[in-house]
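Working notes for the structure below.
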């Protein structure tokens, strides 16, 4: 802005923070209020000659090229390092460093240091680097797809310099340049329009308005975004021509400011990153606690300080789940792939889960919820409103086309219309064809083409004789045509325009094909229809015609359009047609699903409140029966100020009102209204709305396609851009891209996100469990001086070998209950890994596993001659290389090497035992509440995982050469069965635990405040109605309150409708549904229902 | 668990009064690290019962396993198929000054202690067995032991020379073979020692030729064969003046039988290597 307005100069000093605040404010363009001469003076330009070449070159050097500075791209190596040192990796790196440290201590103090710590350190480093590379490439791959989206077509601009028109590269345009644009061009910079001829621009990428706006040299509004005489950089000129002075270029343009604001915003950590951080804290806590405890114990037991330090490090490292990082990465990648198949492209792996945690979706209207094309929605003729089919695939209902009035209306709409189909699209369906012309005219064209056949033929039959194009003073458009009937020499005058203007010119009206005089009654019903259609947020056009009397206008009459020499009064009114950008077909269903998943859907649009509200009602963002404050006021016929805002669940907030709201008021609105529509919002306000939601603790998803959405996309926890219609800036800012632009795909994303969160929990529980059997051997080795039961190599074989596939297979696990019917998780309460999970994994299942391992250890030693009784304290001699005649319980004497083989056989057996107990663990981890018998073993990958880990264990044990390579020895077949009883115990124990959980969810039974009426007349329908706090707790109602009943597949098809609050319990939480549920039950349920559900008399 | 309506209220009054101290002990709710005393007690009780049960289960499985074991013979003996060799004194680096009693005293003491069980008075209680034949007594209830008198070791018996040749700079080293139940070496096992240097070192073996007689095999285990003594071979290293102050590596191997003596990994399987350095 520099010299243009002094306001911004102080902000330069105050660095970035101030800059961001500055950017969040509204656009500072003032040129639209200046006269053209002032403008010219300001930029040293001339209204006819344009800039001189010298000046242009000077300005180009001063301001730089006219292009958006791409967001600072992070160098590849930094991205790589971020993968290498972020989140989970830190834990492993710390482990690796500790290992090297321990090895260094050992190397410095011992002659022959054991290589274990060194190997472990190396393996840990390799694991981090490999998984780091993996996620890096995963991300690089998706950003490559990003690159393919970029359409890098160089843009040209027509400028006038030194009086000559010249086509130059748009990047060379400078402030002060005189630029000419015509229909189809992209505006090369922010322009102050100096002259225009029927110019219309499409500002949808900037403001979200789907209708093109006309441009003229007059200032019509103080707000530069609303005024007519400014055209914005990178918007499109749809038709007409205009000439303007460039006022801003590059990053200083409105578009550029938004882009800069976007790239300057910091997006916070993803919820899963926070969860992993929390998890690391927990694990580190446990590790350090154990480490310190045993350090003290070791010192007390008489170990040297150095030994104790090595033990301390060893214990801390043993707590690091080596394979978990890889497991989590693979699980997220698998989900990302699955989502990509369903048209959700995830740019950042961690964002996979974010949608699942989402509690609020702020959706843009145009293009996301709507089809982004004007379509005829309603017609009024024969004193009746007819509904047109607005669906994308023409599957909707049609209206009665037999009326003669309709034929007349269609003829007027076809003739008084300048839009045409572009050539060469005959094979395309009509709705998909491109048209040249105004959006509403195109809508009419398509509508007529669909219902009456070729418009071209109609036009050919009725040759146009004269035409007056639309202008803003007349507010109508008319044309005069010859009639179809060659014998009829009369001319047909057709006119369309603003309905009230058209009505003023009419004296008659066509009803059922007959002309009738326009009486007061008719006028009133016209008014009602007009109001009704207008209230639907639709743009209404009136149509009228007149067959001109032959005596006054004989054949060959010279119609003069500039100096009108024919009548434009006493016409015959034909009808109204109204147009809207209709919602996409799948959206209402998707919004309903979001609602039942506890996700609040907020519409944020740049469009008009009435239109926004109509669409919101159409897609269910404002649900049937819910009213805004204004609705209540008009229903009760009282002023708006007297309505208690709490009574209104829905609200529509205008951008200008939003400006005046304080933060508290904003919070109040977001908290107290469940159904919110923000209309006429600027990009900056979208950002404020997102921040408001986040302040209330919501995890916010933002969908949008325009540049105007991008700051909000970036700020959101997950920004969702549109793949087809989305602008590059929005795709850059987003974390996820909907390849099919369909809001419904978000629902898929939410479902996948929730599933992966559940499954990651299972995966982590599974992986963590084996930590206990891995660490207890070392602890006992220290405390009671037994030969080491499980070595480092075997631990790595478990963590990075046998545990991997089963852990990953849990990512394929199907959901236990309908995850789309529960509330989004509460990020402060529902943690990925919590104390309870640790307690079960470590304290219970892990302990059983450890016992299983120790049992096989004792079996092997005992069967080889070392009975448990002599093991305690044997370690000193056992690990003494010089002692080669260690006596066992039977009097035999063992050399060091001989007993080490037995020890390594024990390691192998312990390892195999862990595999055996992990069989049970993976089956146990499959479900969190349901029994395996309910859930079934349908997860094929999991079954494969079971076989794979067993095969791998056998391979490691029996392959010749493993004794040298990994120091693993073949086991006798009977040793495989040592841990089986423990495996069975795990299974039985956990089934009992889950049974208790199912019987006793959440510790207490929650009151179920609903009543259910059973309708005998339609015995498949049960209606649950509003009834507050009547508890229905008895053994039978428990069945009802169990979520599995509600979410069982047969019950999933419920319909929402009507009002009332229902609180359903799934055992953990009460869900509030503001609906009556009509549950369509299969025939067997009513018999059950008779017992279970009683209808209380109110 | 509370209903949805209640939670915001509960959350609402918390931030004003709670602090980090509350996370350890909250005096209003009596919560210690997020739980009340009762809750902690219940958890403790649960784990007590749970671990008690696990301990019981473990004991049971261990007991069952121990029932399957034989008292006299370990279930598997394949990991000790061949015996290891060890030497006495229990050191692989025998370094001493032959004039300094204190330095070699420990070796002498060690050998003396070790040979106590071979004292003639003790051994005379044992059987005199047939030379060159296995003393098999699989059928007998009570396994008898063949006598190995200390005096068989002659100069190295410590009877005539109580310092086992350490004063004269010609130290005795006892080589013994590890006990293994049921081991019956085929052939005629004897100990052969070599010094790792160009010129061979003179050595004396006791009993003659360093033989292990077959009558000491097989061994029936600690339980049945409690007074069993292993046969020994004493090697007297006849060091000369030139050998003093030089470190000498000596390798003893069991030869003349099927016993393994050249395993790559196990340097003590049928062989033993030790170093001797006599300082003058």
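What does segment A:706-778 give for Rg and for Dmax, in Å, if only its C-alpha atoms count?
Values for segment A:706-778 (Cα only, Rg and Dmax): 19.0, 60 Å.
Please figure out what share of the DSSP beta bridges in chain B is antiparallel and state it in percent, rounded to the nearest 5.
80 percent
So which residue, out of B:55, B:81, B:234, gets the largest mean-square fluctuation from a GNM of chain B using Cα contacts under 10 Å as springs?
Looking only at B:55, B:81, B:234, the biggest GNM fluctuation is shown by B:55.
When the helix-only estimate is applied to chain B (DSSP H runs of n ≥ 4, each -39,500 (n - 2.57), divided by the residue count), what is the mean residue ellipticity at 222 nm, nearest 500 deg cm²/dmol?
-7500 deg cm²/dmol
Using only alpha carbon pairs under 8 Å that are at least six residues apart, calculate the relative contact order of chain B and give it in whole percent.
With pairs under 8 Å counted, the relative contact order is 22 percent.
Two decimals is fine: what is log10 I(q)/I(0) at q = 0.16, 0.20 Å⁻¹ for segment A:371-474, from a Debye sum with one equal scatterer on every Cα and no solvent?
For segment A:371-474, the Cα-only Debye profile gives -0.75, -1.17.
Determine, from the Cβ-Cβ distance of residue A:552 and residue A:525 and an R0 of 25 Å, the FRET efficiency 1/(1 + (r/R0)^6), rounded to the nearest 0.05.
Efficiency, rounded to the nearest 0.05: 0.20.
Rounded to the nearest 500 deg cm²/dmol, what is the calculated helix-only ellipticity per residue at 222 nm for chain A, with -39500 (n - 2.57) per DSSP H run of length n ≥ 4?
Theoretical 222 nm ellipticity from helices: -13500 deg cm²/dmol.
How much FRET efficiency would the formula 1/(1 + (r/R0)^6) give for residue A:724 and residue A:586, where r is the Cβ-Cβ distance and R0 is 25 Å, rounded to 0.05?
0.95
Once Rh for segment A:830-974 is found with the Kirkwood sum over Cα pairs, what is the Stokes-Einstein diffusion coefficient at 10 °C and 1.306 mPa s, in µm²/s?
So the translational diffusion coefficient is about 90 µm²/s.
Which stretch or stretches of segment A:871-889 have amide N atoms under 20 Å from the point lying 7 Å from residue B:93's Cα along the Cα→Cβ direction?
A:877, A:879-885
Grab the beta carbon distance between residue B:155 and residue A:876, set R0 = 30 Å, and tell me the FRET efficiency rounded to 0.05.
With R0 = 30 Å, the Cβ-Cβ based efficiency is 0.30.
Treat the count of other C-beta atoms within 10 Å as a stand-in for reagent exposure and order A:93, A:894 from fewest to most.
A:93, A:894
Bin width 10 Å, alpha-carbon pairs only: give the P(r) of segment A:634-753 as whole percents, running from 0 to the bin holding the largest distance.
Reading upward from the zero bin: 13, 38, 32, 14, 4.
Dividing the Cα convex hull volume of segment A:297-418 by residue count, how many Å³ per residue is that?
So the per-residue hull volume is 203 Å³.
Output needed for segment A:502-650: three equivalent-ellipsoid semi-axes, defined as square roots of 5 times the C-alpha gyration tensor eigenvalues, in descending order, whole Å.
For segment A:502-650, the semi-axes come out at 44, 19, 13 Å.
What's the Kirkwood radius of the protein assembly as shown in Å, using all Cα pairs?
Radius from the Kirkwood sum: 39.1 Å.
Taking 8 Å as the Cα distance limit and 6 or more residues as the minimum spacing, I'd like the relative contact order of segment A:676-762 as a percentage.
20 percent
Which whole-angstrom value gives the distance between the alpha carbon centres of segment A:745-774 and segment A:687-716?
27 Å
In segment A:914-953, whose amide N lies under 20 Å from the spot 7 Å out along Cα-to-Cβ of residue A:984? List them in ranges.
From segment A:914-953, the list is A:914-925, A:932-933.
Based on the alpha-carbon gyration tensor of segment A:818-884, what equivalent-ellipsoid semi-axes (square roots of 5 times the eigenvalues) come out, in whole Å, largest first?
In descending order the semi-axes read 47, 14, 9 Å.
So for the pair residue B:59, residue A:297, with labels modelled 7 Å out along Cα→Cβ, what separation do we get in nm?
Here the modelled spin labels are 2.1 nm apart.
Considering only B:52, B:187, B:30, give the residue with the highest GNM mean-square fluctuation for chain B, with springs between Cα atoms whenever their separation is below 10 Å.
Between B:52, B:187, B:30, it is B:30 that shows the largest mean-square fluctuation.
Report, to one decimal in Å, the Kirkwood hydrodynamic radius for segment A:596-651 based on all distinct Cα pairs.
It is 12.2 Å.
Tell me, what is a quarter of the convex hull surface for the C-alpha atoms of segment B:167-280, in nm² with one decimal?
If you wrap the Cα atoms of segment B:167-280 in a convex hull and average its projections, you get 8.4 nm².
Tell me, what does the Kirkwood hydrodynamic radius of chain B come to in angstroms if you use every pair of distinct C-alpha atoms?
Result for chain B stands at 23.9 Å.
Work out how much length residue B:68 to residue B:43 would gain on full extension: take 0.36 nm times their residue separation and subtract the Cα-Cα distance, in nm to one decimal.
5.2 nm
In nm², what is the average projected area of the convex hull enclosing the Cα atoms of segment B:93-167?
For segment B:93-167, the mean projected area of the Cα convex hull comes to 6.8 nm².
In Å, what is the Rg of the alpha-carbon atoms in segment A:743-842, and how long is Dmax?
Cα radius of gyration and Dmax of segment A:743-842 are 18.0, 63 Å respectively.
Label 7 Å along Cα→Cβ of residue B:275; segment B:82-107 residues with amide nitrogen under 16 Å?
B:91-97
When DSSP beta bridges are limited to those with both residues in the protein assembly as shown, what percentage is antiparallel, rounded to the nearest 5?
80 percent
Under the definition of Cα pairs under 8 Å and six or more residues apart, what whole-number percent is the relative contact order of chain A?
After rounding, I find 10 percent.
Once you treat every alpha carbon in segment A:461-580 as an equal point and sum by Debye, what is log10 I(q)/I(0) at q = 0.11, 0.16 Å⁻¹?
Results for segment A:461-580 at q = 0.11, 0.16 Å⁻¹ read -0.39, -0.80.
For the residue pair residue A:402 and residue A:958, what label-to-label distance in nm results when each label sits 7 Å from Cα along the Cα-to-beta-carbon direction?
If labels sit at residue A:402 and residue A:958, their model points lie 8.2 nm apart.
Please state, to two decimals, what the Cα-based radius of gyration of segment A:168-263 comes to when divided by 2.2 N^0.38 Å (N = residues).
0.97
Modelling each spin label as a point 7 Å along the Cα-to-Cβ direction, I'd like the residue B:103/residue A:104 distance in nm, to one decimal.
That separation, rounded to one decimal, is 4.0 nm.
None of the figures in this text is laboratory data; all of them are computed from the coordinates on show. Fair warning: this is a prediction, and the values are worked out from it, not measured in the lab. Don't worry about glycine lacking a Cβ; one is built from the backbone with ideal geometry, like all the others, and counts go over all protein chains shown.
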